[in-house]
Amino acid sequence: MQQSYLETTKNVYKEAAENPQVGLCCTTTPVWQLPGLSIPKKMLEMNYGCGSTVNPRDLVNNPKILYVGVGGGMELLQFAYFSRQLNGVVGVDVVDEMLQASKENFEEAEKQNHWFRSEFVKLVKGDALNLPIEDNSIDVAAQNCLFNIFKHDDLKKALEEMYRVLKPHGRLVLSDPTCEQEIPENLREDERLRALCLSGSLTLNDYIKIITDVGFGTVEIRAKRPYRILDPVNYDTDKLIFIESVEVCAIKDPMPEDGPCVFTGKTAIYYGGEESFDDEKGHVLVPNQPLAVCDKTAGALGSLQRIDIFISESTFFYDGGGCC
Ligand SMILES: C[S@@+](CC[C@H](N)C(=O)[O-])C[C@H]1O[C@@H](n2cnc3c(N)ncnc32)[C@H](O)[C@@H]1O
């Protein structure tokens, strides 16, 4: 039997589809505008995400794109901007009213964008916990502000589903709130708060762990930003709770024997007198040339305790390149 918080979630988004609620979830970054892209007003009002999952770097070689939890369809339109082909983006949502609202928004988008056809997006009714999508068929899968709502076993299932449908080396792009404080149980169990993406967050480390436990061999933390405050006046908590939002890309690379490569934005810089430093594990550091390293490599280089290698803190702004 489906758990009641999942039913509450569906009802919250049925409501949000019928009466757009500006700021239901809100990004702290401006909406991605692109040359020749016009986003219909209602679609903007239905931006229920907490970051962005659209990144042109993921979209080379004509990828097949899956988007789970469509909302008003804004990110699907942004993905379609890059893919521009029949059924190039498949959108899955479990709420009929949300599918209908996004369909209407795509029709409006078609009027405002000469390059766009509604047929570029294929909308499919389905559940993130049981995706109606074939195994190994997707290059880029995305979800924005849905998975944080799921409790542990459901989150694991949702991630396993994404892993199943991705092709080898395919990319799962996620944006979700995270929280480094303990969120009190009464808030965690508040089904509406959870559905509103306010009380289901994990710590970033727990979030990364559940992703890598599912099998993703590479994880990139691309951005981390302040998101929301739960304060004692407006919420049933006696302390201030600070919530952040993250943008993460998990790649279906084989799991390395010594564990996943997680890039949190650390960089190694060699400043010794030799031509280069070679750790003989595939990392060659050239003097004063910054090398992005995963946390595993940062730890291994740090454990050498050399005075001529600097390892930076995590910036949580990993932008590609580097080791592994
Ligand atoms: C917080 S909204 C995010 C919408 C969109 N990603 C955005 O950034 O605007 C969550 C979305 O997930 C959908 N949803 C809720 N439960 C779902 C489930 N179990 N499977 C698939 N979609 C679901 C909702 O209908 C809604 O469209």
For an R0 of 30 angstrom, estimate the FRET efficiency from the Cβ-Cβ distance between K14 and R188 and round to the nearest 0.05. 0.85
In a Gaussian network model of the chain with springs linking alpha carbons closer than 10 Å, the residue among D135, D127, D153 that fluctuates most is D153
So, in nm, how far is label N288 from label E257 when the simple model puts each one 7 Å beyond its Cα toward the Cβ? 3.8
Residues of region 209-226 with amide N under 18 Å of a point placed 7 Å along Cα→Cβ from F317: 220-226
Equivalent ellipsoid semi-axes for region 77-221, as square roots of 5 times the alpha carbon gyration tensor eigenvalues: give them largest first, rounded to whole Å. 29, 19, 13
Summing -39500 (n - 2.57) over every DSSP H run of at least 4 in the chain, dividing by its residue total and rounding to the nearest 500, the 222 nm mean residue ellipticity is -8000 deg cm²/dmol
As I understand it, the value is the acute angle between the Cα axis of helix 204-214 and the longest principal axis of the Cα atoms of the chain; what does it come to in degrees, rounded to 10? 90
Förster radius 35 Å - calculated FRET efficiency between Q21 and S137, Cβ distance, rounded to 0.05: 0.55
To two decimal places, what compactness ratio does region 1-131 give when its Cα radius of gyration is scaled by 2.2 N^0.38 Å? 1.02
Please give the Cα centre distance for region 247-324 versus region 37-67, rounded to the nearest Å. 30
Taking a quarter of the surface of the convex hull around the Cα atoms of the chain, what do you get in nm²? 18.1
Do any of K167/K281; K122/K266; K103/K209 go past 32 Å between their Cα atoms, and which? K122/K266; K103/K209
Starting from the Cα-Cα distance between L240 and K122, subtract it from 0.36 nm times their residue separation and give me the gain in nm to one decimal. 38.3 nm
14 Å beta-carbon shell around E110, net charge (K/R +1, D/E -1): +1
Suppose R0 equals 22 Å. What FRET efficiency, 1/(1 + (r/R0)^6) with r the Cβ-Cβ distance, do L304 and E275 give to the nearest 0.05? 0.75
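Here, each number is a calculation from the coordinates, and none is a lab measurement. Quick caveat, the model's predicted, so the values are computed rather than measured. Glycine also receives a Cβ, built like all others from the backbone with ideal geometry; neighbour counts cover every protein chain displayed.
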